[in-house]
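The values are calculated or read from the model by the stated rules, or taken from the named source; none is laboratory data. Keep in mind that what you see is a predicted model, and the values were worked out from it rather than measured. Glycine also receives a Cβ, built like all others from the backbone with ideal geometry; neighbour counts cover every protein chain displayed.
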């Protein structure tokens with residue numbers, strides 16, 4: 001049977017670094033049952049004493065004690081009591097050993113063999129401090145070894161000692177003692193514990209004296225210890241929990257006195273010197289802003305965008321030039337041809353010659369380039385050089401339009417370019433080294449085997465387009481994750497939380513909530529996943545629920561489209577979208593904190609500021625890959641299923657000739673179109689109660705940028721451009737309400753998959769999505785009704801409802817509430 005060794009220690013003591021060193025790639029990452037606390041276990045490498053599957057290392061959450069203040073502490077304690085590993089490898093930070101020993105004294109009361117590994121011993125020695133490990137082992141009653149997890153020194157000795165103790169299978173006995181009057185009461189309580197193993201009696205007795213109700217839930221029979229509690233509290237004039245805590249620190253102080261020697265007259269450490277600047281009252285925020293600007297600029301604006309563009313346009317697009325060889329030459333050839341086609345199309349449309357338009361249609365099945373050149377040359381010969389033709393250029397991404405006027409002279413030049421290229425657009429494969437994209441390869445393969453149109457559409461337009469649109473953001477996410485891992489490992493992430501905590505606490509969130517929200521402005525998925533740095537369960541859930549209110553990169557084309565089509569390209573629309581998201585986060589934090597599911601103080605806020613150090617490349621890359629692969633695996637399944645459903649309902653429907661696959665101009669007859677028509681009435685109070693806007697919102701759930709494509713298809717029918725048709729269907733009030741709803745409602749399927757994973761609870765997932773959609777509905781309703789009142793003076797029932805909602809909203813914001821002082825955790829659910 002495999003030996004199980006639990007790796008336990010305080011947060012930021014180097015536990016993750018040690019775990020990665022001991023297990024390498026032989027890791028399994030999941031969640032503890034019923035909670036969002038990460039669970040890691042791995043097989044010990046052979047070089048450190050492992051042999052195949054015979055030694056399993058369980059990486060427990062970083063905790064400060066075995067008291068039930070946080071979910072991490074409850075999870076760790078339940079595992080140690082219920083699963084009872086064969087040994088505990090207790091990692092302590094040698095630079096802060098006094099605080100770390102508090103947890104150690106509790107671990108030694110569990111009756112499980114313990115090996116203490118004093119980490120960062122290299123820093124201790126560098127500082128000139130001395131730790132007498134032999135004396136420390138004698139005082140604690142367990143083996144003590146010196147290690148440096150970062151430099152991989154001493155860890156083989158630590159694991160071998162842990163394996164030796166585990167193989168002996170002998171119960172450990174705590175050697176530390178408290179004051180005689182306290183020990184007397186503990187012994188009395190121990191005698192009352194009849195159904196508890198002998199080696200665990202001390203631990204359970206102390207917990208009962210501390211009035212730990214969570215430990216009582218794990219006992220078959222709970223003895224009455226009220227008399228012993230009263231006796232101890234009367235004798236020492238304090239509550240029992242404080243008495244036990246004080247006794248532990250008194251014992252720890254006696255150990256430190258004999259085993260730890262600090263260098264006299266020691267100057268400030270390098271970390272202290274850095275902190276005097278980066279956590280300075282006045283400099284902290286400007287420095288933080290610069291750091292975050294660099295992270296954001298590199299991850300989202302430059303390197304991340306380049307990588308994502310390559311993935312979207314190359315891997316999941318037409319293809320790409322290897323190492324950009326040939327890109328410049330292709331662009332030089334393609335740009336004149338595109339410009340020439342715009343000029344030719346302008347004059348052909350102005351002339352109204354449908355026959356010529358059909359001849360030069362390069363997408364036609366019977367297209368003949370030679371005939372097209374001849375026809376265009378003949379047409380241009382009859383156009384005077386001073387003639388003009390108006391044309392509307394349309395941006396492929398945002399569908400923004402620009403009106404231009406061409407002359408007959410420009411037409412003559414365009415025809416020369418058109419003829420020189422043989423009436424065919426330059427092929428990127430003819431320039432440099434061209435690598436076809438996944439869709440192109442699949443399409444050629446499907447055409448080769450004569451695949452049915454519906455199956456081809458499902459694979460290319462459904463699965464590849466849908467999943468590819470999301471996986472295309474993976475490179476950008478990986479760049480973000482590298483920065484996150486570096487900031488976490490070097491110690492600066494803890495400082496960021498410390499700096500922002502004073503601000504965020506005022507509206508019910510943790511300082512650590514800022515990082516996910518900042519990252520969410522690039523992409524909501526890594527933003528949601530970054531919430532794992534928040535230890536407190538309530539703060540984490542609230543952050544997950546509100547992070548996607550910040551407009552992500554995928555929403556920018558939609559914002560630009562609404563601004564251009566409905567507001568004439570007004571510059572205030574985009575900034576207002578961000579202000580709306582920030583306001584939604586702040587108001588949500590204040591309001592949710594006053595609800596039953598979020599009420600109460602957070603767990604005691606303990607901020608660990610570890611010493612600064614350079615993280616290893618392996619640690620950073622492993623952290624990046626774990627997060628990225630987790631998203632690809634978990635969110636990918638949800639995306640795959642949802643995109644198939646959306647594709648099927650979009651391109652299939654009932655027509656006069658029965659149920660069949662539809663063309664893009666027939667989407668109004670599709671299943672999704674019919675669903676949109678059935679649901680459109682819901683959005684009448686918001687001013688966009690038409691099926692087109694409803695369908696666009698639904699397809700936006702696959703990817704928010706899909707809204708632009710859907711609106712482009714649905715509003716392209718009839719006279720005028722897409723922008724002109726949208727302007728005819730939306731007023732300023734209904735247009736902004738449509739924008740507000742889609743910015744605040746449930747995010748794309750990828751982000752929803754991340755929410756589901758991070759919540760690790762179906763009920764909480766639906767609470768999050770329900771809250772997002774509910775808030776979006778209320779805000780958009782108020783925007784439309786109040787906006788209509790201001791712009792037209794119209795007043796009706798909807799206006800009254802809007803004012804009542806605003807009054808209720810203000811009441812929820814400012815109503816007083818009483819915070820509790822405990823965190824309620826059902827230990828049975830996390831056992």
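For every residue, the table says whether it meets (1) assigned by TED's automatic domain parsing to the domain that holds residue 807; (2) over 23 Å from the mean Cα position of the chain (by Cα); (3) under 17 Å from residue 811 (Cβ atoms).
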| position | (1), (2), (3) |
| --- | --- |
| 561 | yes, yes, no |
| 571 | yes, yes, no |
| 579 | yes, no, no |
| 582 | yes, no, no |
| 585 | yes, no, no |
| 588 | yes, no, yes |
Would you be able to say whether some residue in region 429-436 is surrounded by fewer than 17 Cβ atoms within 10 Å (Cβ to Cβ), outside the structural domain of residue 707 (by TED's automatic domain parsing), under 50 Å from the mean Cα position of the chain (by Cα) and part of a helix (DSSP H, G or I)? yes
Has region 218-229 got any residue that is within 39 Å of the chain's Cα centre (by Cα) and either over 30 Å from residue 21 (Cβ atoms) or outside the structural domain of residue 76 (by TED's automatic domain parsing) (or both)? yes
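In the list 426, 475, which residue meets the criterion of being at pLDDT 90 or above and touching a helix residue (DSSP H, G or I) at 6+ places or on another chain (Cβ under 6 Å)?
Sole residue among the options that is at pLDDT 90 or above and touching a helix residue (DSSP H, G or I) at 6+ places or on another chain (Cβ under 6 Å): 426.
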Condition check: assigned to a loop (DSSP other than H, G, I, E, B), touching a helix residue (DSSP H, G or I) at 6+ places or on another chain (Cβ under 9 Å) and surrounded by 20 or more Cβ atoms within 10 Å (Cβ to Cβ). Does residue 101 satisfy that?
no
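Residues in region 352-373: is at least one assigned by TED's automatic domain parsing to the domain that holds residue 427, part of a helix (DSSP H, G or I) and farther than 21 Å from residue 421 by Cα?
For region 352-373, residues assigned by TED's automatic domain parsing to the domain that holds residue 427, part of a helix (DSSP H, G or I) and farther than 21 Å from residue 421 by Cα: present.
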Taking region 68-98 and the residues there that are in contact with a helix residue (DSSP H, G or I) (Cβ under 6 Å, 6 or more places away or on another chain) and in a loop (DSSP other than H, G, I, E, B), the one that is modelled with the lowest pLDDT would be 68
Of 634, 674, the only residue that is at pLDDT below 85 and either within 29 Å of residue 755 (Cβ to Cβ) or out of contact with any strand residue (DSSP E or B) (no Cβ under 7 Å at 6 or more places or on another chain) (or both) is 634
If we ask which residues in region 663-694 are surrounded by fewer than 20 Cβ atoms within 10 Å (Cβ to Cβ) and more than 22 Å from residue 784 (Cβ to Cβ), their number turns out to be 9
Region 733-823: helices (runs of 4 or more DSSP H) wholly inside it with 3 or more residues that are out of contact with any helix residue (DSSP H, G or I) (no Cβ under 9 Å at 6 or more places or on another chain) and more than 30 Å from residue 474 (Cβ to Cβ) are 797-814
Of 279, 250, the only residue that is farther than 20 Å from residue 611 by Cβ and either more than 42 Å from the chain's Cα centre (by Cα) or in contact (Cβ under 8 Å) with a residue 40 or more places away in the chain (or both) is 250
| request: For residue 310, state whether it is in contact with a helix residue (DSSP H, G or I) (Cβ under 8 Å, 6 or more places away or on another chain) and modelled with pLDDT of 90 or more. | output: no
Of 447, 501, the only residue that is in a helix (DSSP H, G or I), more than 36 Å from the chain's Cα centre (by Cα) and farther than 26 Å from residue 341 by Cα is 447
Restricting region 505-539 to residues that are part of a loop (DSSP other than H, G, I, E, B) and over 22 Å from residue 11 (Cα atoms), the one modelled with the highest pLDDT turns out to be 523
Quick count over region 592-615, residues being outside any loop (DSSP other than H, G, I, E, B) and either surrounded by fewer than 20 Cβ atoms within 10 Å (Cβ to Cβ) or modelled with pLDDT under 75 (or both), is 0
By residue number, the members of region 261-293 that are under 18 Å from residue 123 (Cβ atoms) and in contact with a helix residue (DSSP H, G or I) (Cβ under 8 Å, 6 or more places away or on another chain) are 268, 275
Among the residues of region 5-16, the number that are crowded, with 23+ Cβ neighbours inside 10 Å and assigned to a helix (DSSP H, G or I) is 1
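Residues are listed down the side, and each one gets a yes or a no for (1) closer than 26 Å to residue 171 by Cα; (2) surrounded by fewer than 18 Cβ atoms within 10 Å (Cβ to Cβ); (3) over 42 Å from the mean Cα position of the chain (by Cα):
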| position | (1), (2), (3) |
| --- | --- |
| 196 | yes, no, yes |
| 206 | yes, no, no |
| 209 | yes, no, no |
| 216 | yes, yes, no |
| 239 | no, yes, yes |
| 245 | yes, yes, no |
| 255 | yes, no, yes |
Quick one: would you say residue 173 is surrounded by 22 or more Cβ atoms within 10 Å (Cβ to Cβ) and either modelled with pLDDT under 90 or touching a strand residue (DSSP E or B) at 6+ places or on another chain (Cβ under 6 Å) (or both)? no
Over region 417-444, the set of residues in contact (Cβ under 8 Å) with a residue 12 or more places away in the chain and within 13 Å of residue 340 (Cα to Cα) is 417, 418, 419, 421, 422, 423, 424, 425, 426
Scanning region 197-246 residue by residue, those within 17 Å of residue 66 (Cβ to Cβ) and part of a loop (DSSP other than H, G, I, E, B) turn out to be 197, 210, 211, 212, 217, 218, 219
